Amino acid sequence: MGPFEYFEPETVEITLSLLRKYSDTAKVCAGGTDLVVRMRKRALNPQFLICIAGIRELDYLGFEDERGLRIGCLTTIRTIERSPELKERYPMLSEVATRFGSIAIRNVATIGGNLCNALPSADMAPMLIALSAKAKLVSIDGERIVPLQDFFTGPGKTVLRADELLVEVQVPTPPPHTSGVYQKYTTRGGEELAVVGVAAVVTRGSRNESCTDVRIVLGTVVPAPMRAEKAEAILKGKIVDDEIVEKASDIAADESRPRDSIRGSADYRREMVRVLTRDALRQAFERTQSAR
Ligand SMILES: Cc1cc2nc3c(=O)[nH]c(=O)nc-3n(C[C@H](O)[C@H](O)[C@H](O)COP(=O)(O)OP(=O)(O)OC[C@H]3O[C@@H](n4cnc5c(N)ncnc54)[C@H](O)[C@@H]3O)c2cc1C
């Protein structure tokens, strides 16, 4: 690891001043589970390291009917997994957290770090995009709210400026009869990064079996998480049965653009998109039967 100057600001304001001052030469550190690994490998050599882990005002999770869910950037994946409020209101998010790394990693890894690191295999993004979540970004000049769907621009790349901090993730209240499922495929099971990740969030009409809304988001197989919009379009307004789910899954696989990688060939990963999309849609729709 190269030499760097280390800061532990106690407030967001001080952090933002440091970011403005040092800009591209600085890096924010939250849990450090991505950043420190990259610094050890010398893939990243910031001159200034700004550790925000002690800013308690950024560690919160709260729900209000009108505003929906607010998650502070320092909230750990373990908190998301264990929160009784999330288990009740956003069980699909708690479920994603259970599939994320080991308990030791989940205890330290933050939601902000997972999103800002922007690996295509990052687990939180697909479900959050499927739930229409937004990111609150702040700098000395003020704040802006960016839909997560527009936040990622490529592997390791986002719209976040060097002087900005992602402070909060905002998730609207899902409509009644909505359920979501995240399907993650890893080659060695458990605590590994996804080879393919698919999130599906489905809303069912109150009196019938038709699908009033659906969002399918593919992770890992594309440079940045993407909606499978053509697959979504054929499901909307339709009575959902096995045939239409198979058709939507085929279309999602066609929409994905996997490359050959050490995690699997492009053809294999495309096939996995098909299988995981099918399973996610079936399970999500099944769960809408019991969703509030
Ligand atoms: C063994 C192991 C297993 C893992 N398993 C998984 C897994 O199953 N699924 C998965 O998705 N990930 C996994 N990861 C990756 C990693 O743990 C997550 O991406 C984690 O959420 C990163 O959060 P962090 O707080 O540690 O981020 P950090 O390492 O502190 O930061 C990551 C990046 O985000 C930036 N950053 C952090 N917070 C902010 C903020 N608030 N505003 C602006 N920029 C910010 C940092 O500057 C840095 O560039 C694993 C990592 C390891 C080492």
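The values are calculated or read from the model by the stated rules, or taken from the named source; none is laboratory data. Computed from a predicted model, the values in this text were never measured in an experiment. With ideal geometry, Cβ positions are generated from the backbone for all residues, glycine too; neighbour counts draw on all protein chains shown.
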Check your understanding: Looking only at the stretch 130-147, which residues are more than 26 Å from Leu281 (Cβ to Cβ) and part of a strand (DSSP E or B)?
Key -> Ala135, Lys136, Leu137, Val138, Ser139, Gly142, Glu143, Arg144, Ile145, Val146
Review point. Among the listed residues Leu193, Leu165, which satisfies the condition of being within 11 Å of the ligand (Cβ to nearest atom), closer than 24 Å to Asp34 by Cα, assigned by TED's automatic domain parsing to the domain that holds Cys73 and touching a residue at least 40 places away in the same chain (Cβ under 8 Å)?
Key: Leu165
Practice item. Give the residues of the stretch 184-202 that are at pLDDT 95 or above and either farther than 15 Å from Leu281 by Cβ or within 13 Å of the chain's Cα centre (by Cα) (or both), sorted by residue number. Key: Val198, Ala199, Ala200
Point to revise | Conditions (1) surrounded by fewer than 18 Cβ atoms within 10 Å (Cβ to Cβ); (2) within 13 Å of the ligand (Cβ to nearest atom); (3) basic (Lys, Arg); (4) without any contact (Cβ under 8 Å) to a residue 24 or more places away in the chain; number of the one not met by Lys27 | key: (1)
Practice item. Being surrounded by fewer than 15 Cβ atoms within 10 Å (Cβ to Cβ) and outside any helix (DSSP H, G or I) is the filter here, so list the residues in the stretch 1-17 that pass it. Key: Met1, Gly2, Pro3, Glu5, Tyr6, Glu8, Glu10, Thr11
Check your understanding: Does the stretch 229-251 hold any residues that are over 16 Å from Cys211 (Cα atoms) and in contact (Cβ under 8 Å) with a residue 40 or more places away in the chain, and which are they?
Key -> none
Check your understanding: Here are some conditions: (1) within 9 Å of the ligand (Cβ to nearest atom); (2) modelled with pLDDT of 95 or more. Arg99 meets all but one. Which one does it not meet?
Key -> (2)
